[in-house]
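Q: Below is one structure. I have some questions about it.
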Amino acid sequence: MNTIHVNINNIEIPTTADKTILDVCREHKIDIPTMCHLKGLSDVGACRLCIVEIEGMNKLQSACTTKVADHMIIQTNTDRIKKYRRITTELFFAERNHVCSVCVANGKCELQNLGYQVEMDHVRYPFLFPQCEVDTSHPWYVMDHNRCIMCTRCVRVCQEVEGAHNWDVMNRGHAVRIISDFNTPWGESTTCTSCGKCLHACPTGAIWPKAIVQGQLEKKPEIIEELIEKRKMHDGF
Amino acid sequence: MNRLDFHTKIAALQQLDKTKTVQHRIGICCGAGCISSGSEEILKKLESEVQQRGLSEKVEVIPTGCMGPCNHGPLLKHLDQHTIYQKVNCTNITSILQQHVIEQTLIEDQLLFSDSRTNAHADYRADPFFKKQCKIALRNCGKINPESIEAYLLQDGYKALDKALFEYTPEEIIGEIKHSRLRGRGGAGYPTGIKWETVYKYVNNEKYVICNGDEGDPGAFMDRSILEGDPFSVLEGITIAAYAVGASKGYAYIRGEYPLAIKRFESALKQARKWGLLGNQILGSSFHFDLEVRIGAGAFVCGEETALIASIEGKRGTPKPRPPFPAQSGLWGKPTLINNVETFAAIVPIVLKGGEWYSEIGTAKSAGTKVFALAGKVNYAGLIEVPMGTSLREIVFEIGGGMQNQASFKAAQTGGPSGGCIPIEFLDVKMDYESLLSLGSIMGSGGLIIMDEHSDMVDVARFFMEFCMDESCGKCVPCRVGTKMMHDLLQKICINKGTNKDLERLEELALYVKETSLCGLGASAPNPLLSTLRHFRSEYETRIHPSQDTVQDKNQSG
Ligand SMILES: Cc1cc2nc3c(=O)[nH]c(=O)nc-3n(C[C@H](O)[C@H](O)[C@H](O)COP(=O)(O)O)c2cc1C
Ligand code: SF4
């Protein structure tokens, strides 16, 4: 593929047109926070954390879904973007019930890290404190909707990698919820293979294995990509 | 049926029409508004009355689409003499038949607008409500039976498709549409010709055309009225579009809340297939095209093109980031043309009369006409179509007959939940895309709500925010959580509990949601708030008590 040139934060970078802005930034260690993106899964542009400014486009674009083009001039870290990333982070925390001190993911949570990254010292919006269910019906795993941020990584990994499509989304607006099958308890699922991929894909403490306590969760989101690479080798792609 | 047979059949139809002995064609409005006030029953009553009196040879009773002045329905129109009677019912219908039709005397106190005008017009076309209008998309609405292809054919129906297929190449049709400067009527106003050309240029043996009839904004009933009143002209427009861009399959996505529109459109499909105007080798040409109806489940977001496409594919109706645009990768990943109902309704007249003709109507940047659903505190509310650039004042005070109960005009809300409010200082604003945008509102799809001095602008902003909050698909954070936060803050201000800090946060959130949301729903959700803040800021400020600031802030930062 032909080499093209993009300019990111005033640095000229040679690359190819099949990549997204996020790919190029990650390759060149340009820091862009993400939440709904997970390497190996399709990109949906939902969390809006990876928004960037592109010269000539009047709208902010999500870096994970926008392909680079020759002579594209991109800014990833302007004051406006920084401000908006912080608001997004605050809204994540205000939306559901994130009590880090009692969370299994404490210290290993992508949302918590995001809070540090965008220097969120406090949340300026009222907490919504919605009533959310904790589904413990599965013999090995727990789904705690209080800590879910609707990134839909579990939905995509289950459908795209495991091929089971146990997870999906129901309702609209701030009433959206992740559901198992047609909104039945996870333990009664007829599609779940109990493979545990969703648990590793989940960025927070929303999906976790039973029999661990606060702060003990070990997640390996990178195994999703490893798995896909291994399969490709196996299938001789 | 090949072209020649088609022409022969049309000629026979016209001949038959000429030999008819009917002298009085009486239209009864069977638009959704009039039906809900009982017009179907009136239609039946009139039909049986005509039968009983043995008048069938002379009088024809015709159910029609929307006639326009909806808040004066049920309406009866003498289609040959151009007289409209208002508020018809099962009792006075017999006296109208007796007096107007048989005795040929005008019933002055039942004429349209007779209760509010000193001299109501016997010929409705002379009334200011109609005089200022220019009906192109609505040309057949309220004039013909929407369920009869014969009636449509007698109004030059399918002449445009015939012309397109045999006298024009696809490039030439696209050229005409570009020349007409028609812009999409679904809200964003994207040039239709350019969109068609983009789809045309993508090489693919599978392309789709979609007609967007989801119309989810509160207060809007333009697309509904067109689909109910003249489904064939939309269908013909879609077929021409398919020929121009090279598609052989189409979908009409109509919202489930419009059962009548769905019924009439499906009946149109059936009749068109029978006449060989849909299906294989249309009119004997090498062009194949067929269309299916898809029924929407009533989510506002499914009107957004990428969500609508997902919905047709059987998926959850949530938007996708663009690019890629549907023109490149739409339904099933194929090049897809998606246009609004009203956009398609304008195609037939453009093909028949030429792009030049259409481009001369309207303003320099917004050509043609726009249909509005005029509602709220005006005397004459209903469905209107005016040239682009008609001033708001003309619409409210001439067409709309001024404000109800002599109240004073306060604001006009355009564009529904994605639009804004125009205050009295800008009553002379020209209704076109650019002028409305410059005032912080948008043309949108054509909802137009007139408000008087009693309207509370903060509450208006709260109402539309609540709508967006409920209708947000929930995919992206700014819209999902941001609209909820903005709604709660507005609610707080509405009950006089707001603080200056709240107002500050509201403004910050509004800009944030506008600039970061994934799709147009979120990006435009703050518009009613921002525009009322711009034009009616004092209404917010008078509700805010600075004394509350310190107390509340302590509570919140904990
Ligand atoms: C939230 C949202 C709702 C929409 N609803 C409609 C609708 O009901 N009808 C419509 O034609 N377009 C609607 N649109 C615009 C469509 O996305 C699309 O632009 C339009 O159908 C294109 O047709 P046009 O070029 O003829 O206007 C909506 C857009 C958004 C963002
Ligand atoms: S802006 Fe709102 S409606 Fe559009 S994708 Fe985001 S959440 Fe869904």
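Q: For segment B:487-501, how many residues are more than 10 Å from every other protein chain (Cβ to nearest Cβ), in contact (Cβ under 8 Å) with a residue 24 or more places away in the chain and on the phi < 0 side of the Ramachandran plot?
A: Number of matching residues: 8.
Q: Hey, another quick one. How many residues does segment A:83-111 hold that are under 14 Å from B:Thr516 (Cα atoms) and away from every other protein chain (no Cβ under 12 Å)?
A: Of the residues in that region, 0 qualify.
Q: With respect to A:Leu91, determine if the residue is in contact with a His (Cβ under 9 Å, 6 or more places away or on another chain) and assigned to a helix (DSSP H, G or I).
A: Answer is no for this residue.
Q: Let me ask another. Could we say that B:Phe463 is open to solvent by 30 Å² or more (accessible area, probe 1.4 Å), in contact with a Pro (Cβ under 9 Å, 6 or more places away or on another chain) and more than 11 Å from chain A (Cβ to nearest Cβ) here?
A: Criteria met by B:Phe463.
Q: Answer yes if at least one residue in segment B:430-438 is within 16 Å of ligand 2 (Cβ to nearest atom) and within 14 Å of chain A (Cβ to nearest Cβ), and no otherwise.
A: No, every residue in segment B:430-438 fails to be within 16 Å of ligand 2 (Cβ to nearest atom) and within 14 Å of chain A (Cβ to nearest Cβ).
Q: Taking into account only those residues within segment A:82-140 that are of a type in the set (Val, Ile, Thr) and within 21 Å of the chain's Cα centre (by Cα), which is farthest from A:Val213 (Cα to Cα)?
A: Out of the qualifying residues, it is A:Ile87.
Q: Considering only residues that are part of a helix (DSSP H, G or I), within 13 Å of ligand 1 (Cβ to nearest atom) and surrounded by fewer than 21 Cβ atoms within 10 Å (Cβ to Cβ), which ones fall in segment B:157-196?
A: B:Ile194
Q: A follow-up question, please. Within segment B:476-520, restricting attention to residues that are assigned to a loop (DSSP other than H, G, I, E, B) and under 25 Å from A:Asn58 (Cβ atoms), which residue is farthest from ligand 1 (Cβ to nearest atom)?
A: Ranking the qualifying residues of segment B:476-520, first place goes to B:Cys476.
Q: Give me a count of the residues in segment A:1-48 that are touching a residue at least 60 places away in the same chain (Cβ under 8 Å) and outside any loop (DSSP other than H, G, I, E, B).
A: Number of matching residues: 5.
Q: Here's something else I'd like to know. On the given criteria, is B:Asn496 over 27 Å from the mean Cα position of the chain (by Cα) and open to solvent by 10 Å² or more (accessible area, probe 1.4 Å)?
A: yes
Q: Still on this structure: Scan (1) surrounded by 14 or more Cβ atoms within 10 Å (Cβ to Cβ); (2) outside any helix (DSSP H, G or I) for the single condition A:Leu199 breaks and write down its number.
A: Tallying (1) surrounded by 14 or more Cβ atoms within 10 Å (Cβ to Cβ); (2) outside any helix (DSSP H, G or I), A:Leu199 fails exactly one: (2).
Q: While we're looking at this one, here's another question. Could you list, in sequence order, all residues of segment A:129-140 that are surrounded by 14 or more Cβ atoms within 10 Å (Cβ to Cβ) and in contact with a helix residue (DSSP H, G or I) (Cβ under 6 Å, 6 or more places away or on another chain)?
A: A:Cys132, A:Asp135, A:Ser137, A:His138
Q: So which helices (runs of 4 or more DSSP H) stay within segment B:82-156 end to end and still have 1 or more residues that are over 24 Å from the mean Cα position of the chain (by Cα)?
A: By residue number, B:92-96, B:149-154.
Q: Pick out the one residue from B:Glu150, B:Glu167, B:Glu176, B:Glu206 that is closer than 25 Å to B:Val234 by Cβ, in contact with a Leu (Cβ under 9 Å, 6 or more places away or on another chain) and more than 16 Å from ligand 2 (Cβ to nearest atom).
A: B:Glu150
Q: Does B:Leu352 meet the test of being surrounded by fewer than 23 Cβ atoms within 10 Å (Cβ to Cβ), out of contact with any Ser or Thr (no Cβ under 9 Å at 6 or more places or on another chain) and in contact (Cβ under 8 Å) with a residue 12 or more places away in the chain?
A: yes
Q: Here's something else I'd like to know. Cβ contacts < 7 Å: first residue closer than 11 Å to B:Gly65 by Cα, restricted to segment B:139-160; second residue in a loop (DSSP other than H, G, I, E, B) and of a type in the set (Asp, Glu), any location; separation 6+ or different chain. Result?
A: B:Asn140/B:Asp230; B:Cys141/B:Asp230; B:Pro146/B:Asp230
Q: Also: Those residues that are open to solvent by 20 Å² or more (accessible area, probe 1.4 Å) and polar (S, T, N, Q), I need them from segment B:372-421; list them, please.
A: B:Asn379, B:Gln404, B:Asn405, B:Gln406, B:Ser408, B:Ser418
Q: Residues in segment A:53-63 that are surrounded by fewer than 23 Cβ atoms within 10 Å (Cβ to Cβ) and either assigned to a helix (DSSP H, G or I) or in contact with a helix residue (DSSP H, G or I) (Cβ under 6 Å, 6 or more places away or on another chain) (or both): how many?
A: Qualifying residue count for the region: 1.
The values are calculated or read from the model by the stated rules, or taken from the named source; none is laboratory data. The model shown is predicted, which means the values in this text are computed figures rather than measured ones. Reconstructed Cβ throughout: ideal geometry from the backbone, glycine too, with neighbour counts over all protein chains shown. Note: accessible area is taken over every heavy atom of the protein model, side chains too, but ligands, DNA and RNA are not part of it. Shrake-Rupley method; radii C 1.70, N 1.55, O 1.52, S 1.80 Å.
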